[in-house]
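A short write-up of the structure that comes next.
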Amino acid sequence: MIDGLIFAGVVGSLGLVAVSAVLNYRFGIRLGGQDEVERHLYGFGLGLADIVKALMPFCFALAVGKRDWLAALGAGVFLVVASVSSFYAGIGLAAEHRLANAGNNQSIIDRRNNLQAEQKRLQGRLDAIGQVGTPLEVENAIEAAYAQPYGRGKRTVEVHSDRCRKNMIATRVACAKIARMQVTLEQAREAEASWGRLREVQAALGGLDFSVQSADPQLDVLDRVFRWFDAPVEQADIRTGLLLGLGLLLELGSGLGLYTVTTPWRHRDRDVGRRMTTLGDAAVWADERLEAVRGGRLTANVVFNDYEAWCSDHNFVAMRAGVFVEQLMALAHEVGIPMEQSGSNLEFRDVGLPMKG
């Protein structure tokens, strides 16, 4: 389980190293000016330096352990310089992306607000015009009014008044009605144009992302949080803090992450080395391995062989046979394990070893 978690941490750390290296590469190619070769040289240089940076904590710790102070100094200086350079590159690119995203979001918000304002204006104008019919319907009604005869004669309003360009007493009422219908015609045309534009505005609003409510939502949330505690902070300072936090995250993750997540493995190796210098304790072995068995017999050779195997499994150094047997005899006297000499070999009675599974 622990090894799996450490492996996941190693994969994540290597991912952060890769991300940081790519960011440094992209930053480096901007330093090379217009020359294509120089741009890539700068980019690869900064990217490779960021990868080597991840190895410096290992080199520093090893050099300190070996008391190689010059190597430790070199590793420390390289780690600091590479981290500062990478940190500068990371926050520079992050600032550009954040401003670009904020500008894009603000553009969406402005367009949406303008379209909503236009929609409201068009709807208000249509409500003010009311129901006037289509322009064609109004034009037909006007032509019908022109075609109406006046008085008892057979002449029409159109002919007698020259389409109401002459102020004739006989057609004055009809021309006043036609004038009002001309106003209605203009309103109908305006309504038709407004309806057409309103449909365009509604279609444009339908294609916008209404989830974008702020140019920088994270910045707005943090600004509100600070205001809760009556500690207003300038948004520019909050933005700077966010960029610094992101830069530190990338630098700590890519520079120290790999060294940190592998700590259990390194300590395990140290523990094994430390335990290999420790003598196996006879009392601990007896407590783990000996069992009370009525009528059981174990020779000194058998128990010592089992003791050696136990020491090997636990990374202990086994004592010499004579010393082990002496300690075991003293322990047997103390706890009451019967012993007897069988020829040249010593036997421990009423005890046995666990069966091998």
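The values are calculated or read from the model by the stated rules, or taken from the named source; none is laboratory data. Nothing here was measured: the structure is a model prediction, and the numbers come from that model. Note: ideal-geometry Cβ built from the backbone for every residue, glycine included; neighbour counts use all protein chains shown. Note: accessible area is taken over every heavy atom of the protein model, side chains too, but ligands, DNA and RNA are not part of it. Shrake-Rupley method; radii C 1.70, N 1.55, O 1.52, S 1.80 Å.
So here's what we get for this one:
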item	result
Burial order of peptide ranges 223-230, 97-104, 299-306 (average beta-carbon count within 10 Å, highest first)	299-306, 97-104, 223-230
Scattering curve values for the range 1-111, log₁₀ I(q)/I(0), Debye with Cα scatterers, q = 0.16, 0.23 Å⁻¹	-0.87, -1.14
Loop trypsin sites (Lys or Arg not before Pro), the range 24-86, which have at most 12 other Cβ atoms in a 10 Å radius of their Cβ (DSSP)	K66, R67
Percent breakdown of C-alpha pair distances by 10 Å bin, ordered from the shortest bin, for the range 97-173	15, 22, 16, 14, 12, 10, 7, 3, 0
Cα-Cα pairs of the range 281-348 separated by more than 18 Å (percent)	31 percent
Spatial separation of Cα centroids for the range 223-239 and the range 182-203, in angstrom	47 Å
Stretchable slack from Q202 to E96, in nm (0.36 nm times residue separation minus alpha-carbon distance)	34.8 nm
Å² per residue, accessible surface of the chain at 1.4 Å	63 Å²
Mean ellipticity per residue at 222 nm, deg cm²/dmol - from DSSP H runs of n ≥ 4 across the chain, formula -39500 (n - 2.57)	-24500 deg cm²/dmol
Kirkwood-based shape ratio for the range 147-262, expressed as Rg/Rh from alpha carbons	1.63
For the range 60-120 versus the range 279-356, the gap between their alpha-carbon centres in whole angstrom	64 Å
Reachable lysines from K154, criterion Cα separation under 29 angstrom, eight or more residues apart if same chain	K166, K177
Cα-based helix-to-principal-axis angle, 300-313 vs the chain, degrees rounded to 10	20 degrees
Most mobile listed residue (G130, G15, G74) in the chain, GNM with C-alpha springs under 10 Å	G130
Taking the convex hull of Cα positions in the chain, its mean projected area over all directions (nm²)	44.3 nm²
Angle between the chain longest axis and helix 321-335 axis [Cα atoms, degrees, rounded to 10]	90 degrees
Degrees, to the nearest 10: 135-146 long Cα axis against longest axis of the chain	10 degrees
For the range 198-357: Kirkwood Rh in Å [reciprocal of mean 1/r, alpha carbons]	23.0 Å
